Amino acid sequence: MSYQVLARKYRPKDFSEVVGQDHVIRALSNSLDGGQIHQAYLLSGTRGVGKTTIGRILTKSLNCEKGLTSKPCNSCNTCMSINEGSFMDFQEVDAASRRGVEETQQLLETVLHMPGSSRYKVYLIDEVHMLSKHSFNALLKTLEDPPPHVVFILATTEPESVPATVLSRCLQFHLKNITSSELITSLELILKKEDVSFDKGKYFSIS
């Protein structure tokens, strides 16, 4: 019998499944449907509100084989590769463990290479505020004149620690905290799909 962690199994695969961030989803969807692509996005908010999830969905929206869309198909080879974490034109980097300037420069050197099989190469830099000063300077140079085939998605819990020069070159979205009622609604849907019974009176004690 196969087992899959529920958090991974039920990670939102398209914008309609994202909980509690309607303002962000609406703006991104309108931008995508209008063909307006920004080359640098910044997603801020506390842990667990959906920054990396939205970043991955945005990557699919940019590269889905059915075309630029706010509703990626999740069935083409590109979408499935991104879901599986094996898409060659998508790099997800943890800045907390790769904050040095040499590591940042090595990453940015790959920006010049054309995508292997997609429209855009996407770089998702998580906890971007952890980059060193020299790393931010290197990143800024690329953000000032990015190749047309590259999109950066920066995620952070501390936007105030990101240099203003970097922030000014990003389309910024702040993700709000998810409410207890939103969490409970999501939990009920998952429990129903898993055919698990649960005392509704205990929902608020764990949300």
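Couple of notes before you dig in:
- Per-residue ³J(HN,Hα) for the range 160-176, Karplus 6.51 cos²θ - 1.76 cosθ + 1.60, θ = phi - 60°, Hz, x for Gly and Pro: 5, 8, 8, x, 4, 5, 6, 4, 5, 9, 10, 7, 9, 9, 9, 8, 7
- With a Förster radius of 30 Å applied to the beta-carbon distance between Val101 and Thr52, the computed FRET efficiency rounds to 0.80.
- Other residues with beta-carbon under 9 Å from the beta-carbon of Thr157 carry, at +1 per Lys or Arg and -1 per Asp or Glu, a net charge of 0.
- Bridge orientation summary for the chain: considering DSSP beta bridges with both residues in this region, about 0 percent are antiparallel.
- Stretching the chain fully between Gln36 and His134 yields a gain of 32.2 nm (0.36 nm per residue, less the alpha carbon separation).
- Here the 3J(HN,Hα) profile of the range 79-86, calculated from phi with Karplus coefficients 6.51, -1.76 and 1.60 at θ = phi - 60°, is 4, 5, 5, 5, 4, 8, x, 10 Hz, Gly and Pro shown as x.
- Residue-averaged 222 nm ellipticity for the chain, from DSSP H runs of 4+ at -39500 (n - 2.57), nearest 500: -11000 deg cm²/dmol
- Cα gyration tensor, the range 76-152 - rounded (a/c under 1.5), prolate or oblate: oblate
- Among the listed pairs Lys51/Lys176; Lys51/Lys192; Lys13/Lys51, those whose Cα-Cα separation exceeds 18 Å are Lys51/Lys192.
- From least to most packed, judged by other beta carbons within 10 angstrom and beginning with the fewest, Met80, Met130, Met88 follow the order Met88, Met80, Met130.
- Sites Leu187 and Glu158, calculated FRET efficiency, Cβ-Cβ separation with R0 30 Å, nearest 0.05: 0.55
- Rounded if a/c under 1.5, otherwise prolate or oblate - the range 1-107, Cα gyration tensor axes: rounded
- Reachable aspartates and glutamates, given that their alpha-carbon falls under 16 Å from the alpha-carbon of Lys9 and they are not under 8 places away in the same chain: Glu17, Glu84, Glu188, Glu194, Asp195
- Each Cα pair under 8 Å and six or more residues apart adds its sequence gap; the mean of these over the residue count of the chain is a relative contact order of 28 percent.
- Listed from fewest to most Cβ neighbours within 10 Å, the set Lys176, Lys121, Lys133 follows the order Lys133, Lys176, Lys121.
- Dipole of the chain, positive end: most advanced residue of Phe15, Asn137, Thr59 [Cβ charges, Cα centre]: Phe15
- Note on the range 136-189 and the range 110-130: Cα centroid distance 14 Å, given to the nearest whole angstrom.
The numbers here are math on the coordinates, done by the rules we state, and not lab data. Quantities reported herein were computed from a predicted structural model and do not represent experimental measurements. Heads up, the Cβs are rebuilt from the backbone with ideal geometry, glycines too, and the neighbour counts pull from every protein chain shown.
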